[in-house]
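J.: Supplied in structure tokens, the structure appears directly below.
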Amino acid sequence: MSEGQRNPRDGETNMEVKILPGERLDDLQRNGYKIIQNERLFCFGMDAVLLSAFADAKEGERLLDLGTGTGVIPILMEARTAGREFVGLEISTLSADMASRSVLYNRLEGKVRIIQGDIKEADRIFPPASFDVVISNPPYMTAKHGLVNPDPDKAAARHEIFCTLEDVVSQAARALRPGGRFYLVHRPFRMAEIIRVLSRYKLEPKRIRMVYPFVDKEPNMILIEAVRGGKPRVTVEPPLIVYEKPGIYTEEVRVLYDMQQEKDRK
């Protein structure tokens, strides 16, 4: 029996889940969960992990992840929050299929759902104001930003090919109930544009945190929480530094990755 046919939590054979050629199982280091990925497609990175740690879903809340990819954010959010339901929307048929199989592999089909569909049509797929939380790790680059990857799946993950920043924000605003929260990770060089677009759709920024690769380098990520119809007031949180030195995470990032026990053993 291959690892791809075995549930990591209870050791029982999970016959309905297949790991296809070219795919691999990656350990999420949360609740024994694993995720199916394919190196030919876009695999999740640190931005997804940091965003899921920055966001929250309170008891009984419903969460929607716009552009879920392999489904890593709904699965991580289910592992660390008290939310009631976690839904991922993904345009790529291949990625949506992998995400759905990861949900089955971890036996989360009672709480996590993956839907194949276009972000720009989210308002047709879901009723308005039907979610308490919307989260997104969207493509960071416009067509003007750098070279576009010749692989269409990887290109769509990095560049705004299937959706723009405004598409993501506008659909988030429609999906959220009044007072609902939108969580976003993006690039700092687009921060002014992000704030303008959020304001256009009545999503008021409430928390902002910059992520720095090293303490003496410029930030390369920005984490934002915005509230639909919120009052103007924003808190800028302390910076998050990823590396103490090359290859060595800071204490905070080690905790986020559940690496504390490994550190203690050393």
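Each reported figure results from applying straightforward, stated rules to the coordinates on display, with no laboratory input. The structure displayed is predicted, hence computed values, not measured ones. Quick reminder, even Gly has a Cβ in these numbers, built from the backbone with ideal geometry, and neighbours come from all protein chains shown.
J.: For residue 87, what residues show an amide H to amide H distance below 5 Å, using hydrogens built from the backbone and excluding near sequence neighbours?
T.: HN-HN under 5 Å from residue 87: 63, 64, 65, 113.
J.: Give the residue list of GluC sites (Glu not before Pro) in the range 50-115 that are DSSP loop and have at most 13 other beta-carbon atoms within 10 angstrom. Could you put the intermediate results ahead of the total?
T.: On the way: sites: 59, 61, 78, 85, 90, 109; in loops: 59, 61, 109.
Passing sites in the range 50-115 are 59, 109.
J.: Also, I was wondering about something else. Less than 9 Å Cβ to Cβ from residue 240, Lys/Arg counted +1 and Asp/Glu -1: what total charge do the surrounding residues give? Present the calculation step by step, with values, prior to reporting the outcome.
T.: Numbers: positive: 209; negative: 237, 252.
Computed value for this residue: -1.
J.: Would you kindly calculate the mean projected area, averaged across all directions, of the convex hull enclosing the Cα atoms of the range 184-261, in square nanometres?
T.: One quarter of the hull surface, i.e. the mean projection, equals 5.9 nm².
J.: Residues in the range 21-64, backbone N under 16 Å from the label point at residue 115 (7 Å along the Cα-to-beta-carbon vector): list them, ranges by number please.
T.: Backbone N within reach: 62-64.
J.: Amide H of residue 207 versus every other amide H placed in the peptide plane: which residues, excluding those fewer than 5 positions away on the same chain, fall under 5 Å?
T.: Sorted by chain and number, the residues that satisfy this are 225, 235.
J.: Stretch residue 20-residue 207 to full length: gain in nm at 0.36 nm per residue minus the Cα-Cα span? The partial results should precede the final answer.
T.: Details: separation 187, 0.36 × 187 = 67.32 nm, distance 4.06 nm.
Value of the extension gain: 63.3 nm.
J.: Given H placed on each backbone N at 1.01 Å, which residues far from residue 180 in sequence or on other chains put an amide H within less than 5 Å of it?
T.: 228
J.: Right, next: Structure shown: which of 111/231; 120/202; 58/206; 34/206; 58/231 lie over 23 Å apart, alpha-carbon to alpha-carbon? Intermediate values should be presented prior to the final figure.
T.: Working: 111/231 32 Å; 120/202 18 Å; 58/206 17 Å; 34/206 32 Å; 58/231 21 Å.
Correct reply: 111/231; 34/206.
J.: Right, something else. Modelled label-to-label distance, residue 190 and residue 177, 7 Å Cα→beta-carbon offset: nm?
T.: A separation of 3.0 nm, rounded to one decimal place.
J.: Throw me the Rg/Rh for the range 45-239, computed over C-alpha atoms with Kirkwood Rh, two decimals.
T.: Ratio of gyration radius to Kirkwood radius for the range 45-239: 0.94.
J.: Pull out the extension gain between residue 124 and residue 200, defined as 0.36 nm times the separation in residues minus the alpha carbon to alpha carbon distance; nm, one decimal.
T.: On the way: separation 76, 0.36 × 76 = 27.36 nm, distance 2.09 nm.
Extra length from residue 124 to residue 200 when fully extended: 25.3 nm.
J.: Then there's this: Calculated FRET efficiency, residue 80 and residue 218, Cβ-Cβ r, R0 22 Å, to nearest 0.05?
T.: On the way: r = 29 Å, r/R0 = 1.32.
Efficiency, from the Cβ-Cβ distance: 0.15.
J.: Quick one: what Rg and Dmax do you get for the range 38-144 from the alpha carbons, in Å?
T.: That works out to 13.1, 42 Å for Rg and Dmax.
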